[in-house]
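The values are calculated or read from the model by the stated rules, or taken from the named source; none is laboratory data. As the structure is a prediction and not an experimental result, all values here were calculated from the model. With ideal geometry, Cβ positions are generated from the backbone for all residues, glycine too; neighbour counts draw on all protein chains shown. Surface areas here come from the heavy atoms of the whole protein model, side chains and all, with no ligands, DNA or RNA. Shrake-Rupley method; radii C 1.70, N 1.55, O 1.52, S 1.80 Å.
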Amino acid sequence: MSDVNKTIQKWHASFKKGTDFDSWGQLVEAIDEYQILARQLQKEVQSTNSSDFTEEQKCTQSNEEFKLEDLKKLETIIKNILTYNKEFPFDVQPVPLRKILAPGEEENLELEEEEDAAAGVGSTEAFPPRAPGTLLPRLPSEPGMTLLTIRIEKIGLKDAGQCIDPYMTISVKDVNGVDLNPVQDTPVATRKEDTYIHFSVDIEIQRHVEKLPKGAAIFFEFKHYKPKKRFTSTKCFAFLEMDEIKPGPIVIELYKKPTDFKRKKLQLLTKKPLYLHLHQTLQKDS
């Protein structure tokens, strides 16, 4: 159990004893427990960074009277903290070691200079998130319908060798950036060579080509882990539009994050000849 949990449990125990004694009419005992809780809270506040609270806020002395009914309302709050209840005004659940940020979320964390002026355009999630590295199987064939398999060969990046645990997120969006298919993540790529990271993995698009609406696009987001920031970040993205769906190899340009699923404000990642290398296979059941 963490130290935070132990501390909150002590608060709850003192508070529960105090309100119990109070409700039983044992006011002396109740006051003792309230004073214990007050000292615990004061100690915690005084140990907090002084810039977080004013001296007036840190002061626990007050002439204001509280009714027992009002005090009992605090018990729910303390329980919520202890059980990580997300109905509490904010989620106090511990941040995971590797936080994966949603598109456009990175700008708020002041990560890199190139992000400071960016304006993210997020997508509407219509499907539940999948575990990283989980790829979906090929769809069943249908008469007259075309299946699309995209092999991600490699991606060219000037700092390819420095990317930690790189992987690709693949999604199919309509013209408004809404998911048409479940999002898929490739396994982490392990082979790096000069300015390339090799994936060599097949992605089965989860909708027949004929059923893709006009203006749809297939997005490829390159992500990697940042140990200093302790989360997984999107480095760049690319996309394949409907008129580019043709059998055989294709190279597509890379764009700066945040991922713009509406394709309104695109900025090339680099002027160097570095691209995402794909190979498309179309299979039509006659």
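Can you compute the FRET efficiency between residue 164 and residue 214 using 1/(1 + (r/R0)^6), with r the Cβ-Cβ distance and R0 = 35 Å? Round to the nearest 0.05. It would help to have the intermediate numbers written out before the result.
Numbers: r = 39 Å, r/R0 = 1.11.
E(calc), rounded to 0.05, equals 0.35.
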Worksheet item: In bins 5 Å wide, starting from 0, what share of all Cα pairs of the range 145-285 does each bin hold, as a percent?
Response: 2, 10, 20, 24, 21, 13, 7, 2, 1, 0
Response to the item:
Set 235/272; 235/257; 211/246; 154/226; 154/265, cut-off 18 Å on Cα-Cα distance; pairs above it are 154/226; 154/265
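Report the extension gain between residue 176 and residue 16 in nm, rounded to one decimal, defined as 0.36 nm multiplied by the number of residues separating them, less their alpha carbon distance. The partial results should precede the final answer.
On the way: separation 160, 0.36 × 160 = 57.60 nm, distance 5.22 nm.
Once the chain is fully extended between residue 176 and residue 16, it gains 52.4 nm.
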Discussion item. If amide hydrogens are placed 1.01 Å from N in the peptide plane, which non-local residues have theirs closer than 5 Å to the one on residue 180?
Written reply: 172, 173, 174
Response to the item:
Amide H neighbours of residue 196 at under 5 Å, excluding residues fewer than 5 places away on the same chain, with H built from the backbone geometry, are 157
Worksheet, complete the sentence: For the range 145-285, the per residue accessible area (1.4 Å probe, Å²) is 46
Worksheet item: Which whole-Hz couplings ³J(HN,Hα) result when phi for each residue of the range 230-243 is put into the Karplus expression 6.51 cos²θ - 1.76 cosθ + 1.60, θ = phi - 60°, listed in order with x for Gly and Pro?
Response: 6, 7, 8, 10, 7, 8, 6, 8, 9, 8, 10, 8, 4, 6
Worksheet item: Once amide H atoms are built 1.01 Å from N in the peptide plane, which residues 5 or more positions from residue 201, or in another chain, come under 5 Å H to H?
Response: 152
Discussion item. Under a crude label model (7 Å from the Cα following the beta-carbon direction), how far is residue 190 from residue 282 in nanometres?
Written reply: 3.6
Worksheet, complete the sentence: For the range 207-248, using Cα atoms only, the Rg and Dmax in Å read 15.0, 45
